[in-house]
1. Could you please let me know if T212 is of a type in the set (S, T, Y) and out of contact with any helix residue (DSSP H, G or I) (no Cβ under 6 Å at 6 or more places or on another chain)?
2. Given T121, T136, T143, T47, which one is in contact (Cβ under 8 Å) with a residue 12 or more places away in the chain, assigned to a helix (DSSP H, G or I) and within 16 Å of the ligand (Cβ to nearest atom)?
3. Determine whether the range 101-118 contains at least one residue that is closer than 17 Å to Y269 by Cα, in a strand (DSSP E or B), modelled with pLDDT of 95 or more and within 15 Å of the ligand (Cβ to nearest atom).
4. Take the range 164-187 and flag every residue that is in contact with a strand residue (DSSP E or B) (Cβ under 7 Å, 6 or more places away or on another chain), of a type in the set (D, E, K, R) and either in a loop (DSSP other than H, G, I, E, B) or in the same structural domain as A46 (by TED's automatic domain parsing) (or both).
5. For the condition surrounded by fewer than 19 Cβ atoms within 10 Å (Cβ to Cβ), at pLDDT 95 or above and not assigned by TED's automatic domain parsing to the domain that holds S102, what is the one hit in A207, A190, A245?
6. Based on what the data block shows, is K282 more than 16 Å from the ligand (Cβ to nearest atom) and closer than 30 Å to F305 by Cα?
7. Scan the range 75-98 for residues that are touching a helix residue (DSSP H, G or I) at 6+ places or on another chain (Cβ under 7 Å) and away from the ligand (no atom under 16 Å from the Cβ) and report the count.
8. Please enumerate the residues belonging to the range 50-74 that are assigned to a helix (DSSP H, G or I) and more than 16 Å from the ligand (Cβ to nearest atom).
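The values are calculated or read from the model by the stated rules, or taken from the named source; none is laboratory data. The shown structure was predicted, so the numbers you read here are calculated from the model rather than taken from an experiment. Here the Cβ is made from the backbone with ideal geometry for all residues, glycine too, and neighbour counts use every protein chain on show.
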Amino acid sequence: MGVISGAYNIALDGRDPSANVNFVSHAHSDHTSGIRRGRSIIASDATKSLIKERYGIEAAGTNLCSGIRLLNAGHILGSRQLYAESDCGSMLYSGDYLLQPSPVAERIEFTKADILIIDSTYPERSVKFDDRGDVTDNISKYTERKLDKGIVLFGAYAVGKAQELISIFNEKGILPVVDRSISRMSRVYAKHCIRLKYASIDENNEALEEATKGNFVGIVSMHRLNELKGKISGFYGKTVFTAVATGFAKIMRFGADAQFALSDHADFYQATEYIDNVCPEKIYTVGKGREVFAQNLADEGYNAFPMDPSLGICSR
Ligand SMILES: [Zn+2]
């Protein structure tokens, strides 16, 4: 899927052999498949830094020509929307976006556009996220309660959610212990002026010793939660309570002792708020839930269609 703007044929967060440049909205792996070593990309500096640290790929930048702008998407550090004057009108591609402010991401910006290409992560009306402040409070209260009895281990995505959890715990004066991939990503956050306090479980140092003197909070990559639960419980000889923080906690069970629906995406209702700010004539939905999302938007009176990934937006 792509958009043509002036001399650019831009692939949007993916592979498109006909494109001559890739727009990478942010550094989550489901949006970086089009990156190739040495190939030019359109992305924020923070996204390029995260990609370099995570995948070892130094992506070359592209100068933005007139008619192309990047706007904050609010989703994670460096996440951007792409605005482009295309052959068929002004176009905005949302990428993943979040309306409610996060302490570890730049706040979302809005602009009007004729055509909106919008992410479909939560396409159903049945998913409605609670206020992020309330979810954050619940995470803090749960953690403080369980810390009286043992170690609390959170599973989270290493880029974005892990840093938000660190920030939540820092606010409470807690120094969490994190795994190597989270500490590597958090160092990139520090380079972009989001400074977080944590100790790394993979680096034996004074900070780790101090942080693990009593019961402590750990944050590890989601896929390592069960593996590290056993190791940490065995090593410290204590009960380990597990928890996850992800928007998908609204729709599935994770097998942890607790789960919190802290999302860095919009739900259906926030999506319509976002759409009303953009005020598009036509909407294309992208992603796994695009058919359902387009139908649900059409039911609300929006001019919405699922996007065919093999077509450009001017092809219809
Ligand atoms: Zn994402």
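1. On the way: of a type in the set (S, T, Y): yes; out of contact with any helix residue (DSSP H, G or I) (no Cβ under 6 Å at 6 or more places or on another chain): yes.
Taking the combined requirement at face value, the residue satisfies it.
2. On the way: T121 fails: assigned to a helix (DSSP H, G or I); T136 fails: within 16 Å of the ligand (Cβ to nearest atom); T143 fails: within 16 Å of the ligand (Cβ to nearest atom).
Answer to the check: T47.
3. Yes, because at least one residue in the range 101-118 is closer than 17 Å to Y269 by Cα, in a strand (DSSP E or B), modelled with pLDDT of 95 or more and within 15 Å of the ligand (Cβ to nearest atom).
4. D179
5. On the way: A207 fails: at pLDDT 95 or above; A245 fails: surrounded by fewer than 19 Cβ atoms within 10 Å (Cβ to Cβ).
Going through A207, A190, A245 in turn, just one is surrounded by fewer than 19 Cβ atoms within 10 Å (Cβ to Cβ), at pLDDT 95 or above and not assigned by TED's automatic domain parsing to the domain that holds S102: A190.
6. On the way: more than 16 Å from the ligand (Cβ to nearest atom): yes; closer than 30 Å to F305 by Cα: yes.
Considered against the rule, which asks whether it is more than 16 Å from the ligand (Cβ to nearest atom) and closer than 30 Å to F305 by Cα, K282 comes out as yes.
7. Qualifying residue count for the region: 1.
8. Residues of the range 50-74 that are assigned to a helix (DSSP H, G or I), as a first pass: 50-55.
K52, E53, listed by residue number.
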